[in-house]
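**Student:** Here's a structure for you.
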Amino acid sequence: MLPEPSALELSRRAWRRRRARRSTLVALASTLLFAVVAYLVVTSAPGWPRVQATFFSPSVAWESLPEILSGLWLNLQVLLVGGVSVLAVGLLVALTRTLRGAAFAPLRLLATGYVDLFRGIPLIIVLYLVGFGFPALGLQGMPTSPFVLGTIAIVLTYSAYVAEVFRAGIESVHPSQRAAARSLGLTHRQTMRIVVLPQALRTVTPALLNDFVALQKDVGLISVLGAIDAVRSAQILVGQSFNFTPYVVAGLLFVLLAIPSARIADAVSARARRRQQSGSLL
Amino acid sequence: MSGPVLEVRSVVKAFGDNVVLRGVDLSVAEHQVVALIGGSGSGKSTLLRCASLLETVDDGQVLLDGEDVTDPRIDADQVRRRMGVVFQAYNLFPHLSVLDNVTLAPTVVHGRPKAEVLEEAHTLLARIGLSDKAGEYPDRLSGGQQQRVAIVRALAVHPRVLLLDEITSALDPELVGEVLSVVREVAAQGMTIVMATHEMGFARQVADTVAFLDGGVVLESGPPQQVLGDPVEARTRQFLSRVIDAGRL
Ligand SMILES: Nc1ncnc2c1ncn2[C@@H]1O[C@H](COP(=O)(O)OP(=O)(O)O)[C@@H](O)[C@H]1O
Ligand SMILES: [Mg+2]
């Protein structure tokens, strides 16, 4: 049991409560003010009625929803298959880059080259190269569906980023942990699997979740290969109706998709921070 | 077995231009306790890391039960399984419970039956008075408790030799005793031990041989009474008087 707080402590707590209440009020009021001003400025603009009709038409939005949703299902599939593949490929590349010894030099070089290359090229260019280049080779068994090719391009690009995230995590585990594991007779593989990776994963989970949020919207880029996803569906609808509302609908759907992951990412980062500095003020 | 358990022959180890070991010789017979003393930076840790194959030697040999383990054709993982190492900074695995830290190597590396390993782990933990901490994670333990667990983790693989690297240097003075008493008990049961230490009083009580490392070689070695009480070498006397001034003897 804590002893009864002194008068000094009670007055400190009262002051903190008062200050917290005042800050909340100020924040609330200024947000509201900003929203009202923004609303007034936009709606009083001379072009607003036309913009409202072409971008925010409720009837067009409602009519376009089913097709855009069925397109979004394709994006979700790419996200799922791509996300899992990115984790696997990224981890493999990261592990390759951490191999020691001259025997693995060619592999290491290959992995480094891959990361340098694919972190440098814009995703849209990879999409074009893979999406139109692979089929043009005319090889037997080469996939031609934009879904498969788009997923390959996304995995190629994102794995390069994720590999670096994993590598940073692996290197953040103190070398003494490796020494302890090896001194117990664990092999390099066992050390990685049982000692290093579990600790590394904990460190990098927030960063990985952030990359996942980015991936969620980038799956919309497979539309450039002609896959009928949410973006492409919206594009077709816009072409038919000369109304841009379907784009807004597709955009909002992507935002809705991203919000849960963003919140999860926040929560995980916050938890990691708390674990690292429990009790500290800063 | 007749020959020494661990033998270090003319071992040389350099880090870049810094030649740390210039030809170290050390022989450790079965059931013997060797205390390795020497100034900070004299290469005690380096020697123990070479002996446990955590570093590759630049010359010379390390023999474990007469087998040259510095031969590159040998499976180093196989050799490390036969040694136990305890580090200054404990190096417990923070993501594993105390029990998992202890049972990891016996089950994963040695492939022993889980039930048997668990039983032995509980016995060992009981012996160091930490039965109630089996399910805890290392960061919930005091330094002394963590270091005792680290000793048990090293013992759980039934090593031929236990290498201890200044295992009390990171501890608060009041926690040193509990760790040393575990070492004393392990030594009394006949474990072969090489320990780098600054605890001269403890070395005097427990060690059969004290080896003084200086200038990259074992400058002087012998029974503790002789090396610590009446050293032959001037450098040894200098070192000991510095230690006495620091209040460690
Ligand atoms: N991994 C390393 N890389 C470079 N230098 C090292 C390394 N480990 C130890 N040394 C150097 O070797 C010397 C001996 O260190 P060490 O064996 O830790 O001494 P001790 O344990 O006796 O204090 C020191 O000069 C230290 O800087
Ligand atoms: Mg040392």
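**Student:** Please determine, by comparing only the residues of region B:41-71 that are part of a loop (DSSP other than H, G, I, E, B) and more than 15 Å from ligand 1 (Cβ to nearest atom), which one is least open to solvent (accessible area, probe 1.4 Å).
**Tutor:** Among them, the one singled out is B:Val69.
**Student:** Please enumerate the residues belonging to region A:99-121 that are part of a helix (DSSP H, G or I) and either of a type in the set (Phe, Trp, Tyr) or open to solvent by less than 80 Å² (accessible area, probe 1.4 Å) (or both).
**Tutor:** A:Phe104, A:Ala105, A:Arg108, A:Ala111, A:Thr112, A:Gly113, A:Tyr114, A:Val115, A:Phe118, A:Gly120
**Student:** How many of the residues in region B:4-40 are open to solvent by 40 Å² or more (accessible area, probe 1.4 Å) and within 16 Å of ligand 2 (Cβ to nearest atom)?
**Tutor:** Summing the residues that are open to solvent by 40 Å² or more (accessible area, probe 1.4 Å) and within 16 Å of ligand 2 (Cβ to nearest atom) in region B:4-40 gives 3.
**Student:** Test B:Arg160 against the criterion of being away from ligand 2 (no atom under 16 Å from the Cβ), within 14 Å of chain A (Cβ to nearest Cβ) and open to solvent by 20 Å² or more (accessible area, probe 1.4 Å), and give yes or no.
**Tutor:** Yes, satisfied.
**Student:** Right, another one. Within region A:80-98, can one find any residue that is over 30 Å from A:Val231 (Cα atoms), free of Cβ contacts under 8 Å to residues at least 24 places away in the same chain and assigned to a loop (DSSP other than H, G, I, E, B)?
**Tutor:** no
**Student:** Oh, and also: Considering only residues of region B:85-109 that are among the aromatic types (Phe, Trp, Tyr) and at pLDDT 95 or above, which is nearest to the chain's Cα centre (by Cα)?
**Tutor:** Filtering region B:85-109 for residues that are among the aromatic types (Phe, Trp, Tyr) and at pLDDT 95 or above, the one nearest to the chain's Cα centre (by Cα) comes out as B:Phe87.
**Student:** Can you pull out every residue in region B:130-157 that is within 16 Å of ligand 2 (Cβ to nearest atom) and aliphatic (A, V, I, L, M)?
**Tutor:** B:Ala150
**Student:** Do any helices (runs of 4 or more DSSP H) lying entirely in region A:136-250 carry at least 1 residues that are within 13 Å of chain B (Cβ to nearest Cβ), and which ones are they?
**Tutor:** In region A:136-250, the matching helices (runs of 4 or more DSSP H) lie at A:146-172, A:175-183, A:197-218.
**Student:** Condition check: assigned to a loop (DSSP other than H, G, I, E, B), closer than 23 Å to A:Arg182 by Cβ and open to solvent by less than 30 Å² (accessible area, probe 1.4 Å). Does B:Pro231 satisfy that?
**Tutor:** no
**Student:** Further question on the same structure: Only residues in region A:113-129 that are farther than 12 Å from A:Leu149 by Cα count as the first member; pair them with residues that are assigned to a helix (DSSP H, G or I) and acidic (Asp, Glu), Cβ under 7 angstrom, at least 6 apart or cross-chain, and list the lot.
**Tutor:** Listed pairs, sorted by first residue: A:Val115/A:Glu164; A:Leu123/A:Asp218.
**Student:** Considering only residues that are touching a helix residue (DSSP H, G or I) at 6+ places or on another chain (Cβ under 8 Å), outside any helix (DSSP H, G or I) and either free of Cβ contacts under 8 Å to residues at least 12 places away in the same chain or open to solvent by 50 Å² or more (accessible area, probe 1.4 Å) (or both), which ones fall in region A:46-67?
**Tutor:** A:Phe56
**Student:** Here's another thing I want to ask about it. Which members of region B:92-109 meet the condition of being out of contact with any Pro (no Cβ under 7 Å at 6 or more places or on another chain), facing another protein chain (nearest Cβ under 8 Å) and either in contact (Cβ under 8 Å) with a residue 60 or more places away in the chain or open to solvent by less than 10 Å² (accessible area, probe 1.4 Å) (or both)?
**Tutor:** B:Phe93, B:Ala105
**Student:** Being under 24 Å from A:Tyr158 (Cβ atoms) and in contact (Cβ under 8 Å) with a residue 12 or more places away in the chain is the requirement here; does A:Leu237 meet it?
**Tutor:** The answer is no for A:Leu237.
**Student:** Continuing with this model, one more query. Looking at B:Ala150, is it open to solvent by 20 Å² or more (accessible area, probe 1.4 Å), in contact (Cβ under 8 Å) with a residue 12 or more places away in the chain, among the hydrophobic types (A, V, I, L, M, F, W, C) and within 14 Å of chain A (Cβ to nearest Cβ)?
**Tutor:** Criteria not met by B:Ala150.
**Student:** When region B:72-88 is examined, which residues are found to be open to solvent by 20 Å² or more (accessible area, probe 1.4 Å) and either over 21 Å from B:Ile193 (Cβ atoms) or part of a helix (DSSP H, G or I) (or both)?
**Tutor:** B:Pro72, B:Arg73, B:Ile74, B:Asp75, B:Ala76, B:Asp77, B:Gln78, B:Arg80
**Student:** Let me ask you something else. Being surrounded by 16 or more Cβ atoms within 10 Å (Cβ to Cβ) and either within 11 Å of B:Val152 (Cβ to Cβ) or modelled with pLDDT under 95 (or both) is the filter here, so list the residues in region B:110-126 that pass it.
**Tutor:** Residues satisfying the conditions are B:Glu120, B:Ala121, B:Leu124, B:Leu125.
**Student:** Would a scan of region B:20-34 turn up a residue that is more than 14 Å from every other protein chain (Cβ to nearest Cβ), within 15 Å of ligand 1 (Cβ to nearest atom) and not in a strand (DSSP E or B)?
**Tutor:** no
**Student:** Name the one entry in B:Val210, B:Val183, B:Val179 that is within 16 Å of B:Ser42 (Cβ to Cβ), more than 14 Å from chain A (Cβ to nearest Cβ) and either crowded, with 24+ Cβ neighbours inside 10 Å or within 16 Å of ligand 1 (Cβ to nearest atom) (or both).
**Tutor:** Matching residue, one of B:Val210, B:Val183, B:Val179: B:Val210.
**Student:** Can you tell me which condition B:Glu67 does not meet? The list is (1) farther than 17 Å from B:Phe212 by Cβ; (2) more than 14 Å from chain A (Cβ to nearest Cβ); (3) within 16 Å of ligand 2 (Cβ to nearest atom), and all the others hold.
**Tutor:** (3)
The values are calculated or read from the model by the stated rules, or taken from the named source; none is laboratory data. In this text the structure is predicted, and so the values were computed from the model without any measurement. Using ideal geometry, Cβ is built from the backbone for each residue, glycine included, and neighbour counts are taken over all protein chains shown. Remember, those area values only see protein heavy atoms, side chains included, never the ligands or the DNA or RNA. Shrake-Rupley method; radii C 1.70, N 1.55, O 1.52, S 1.80 Å.
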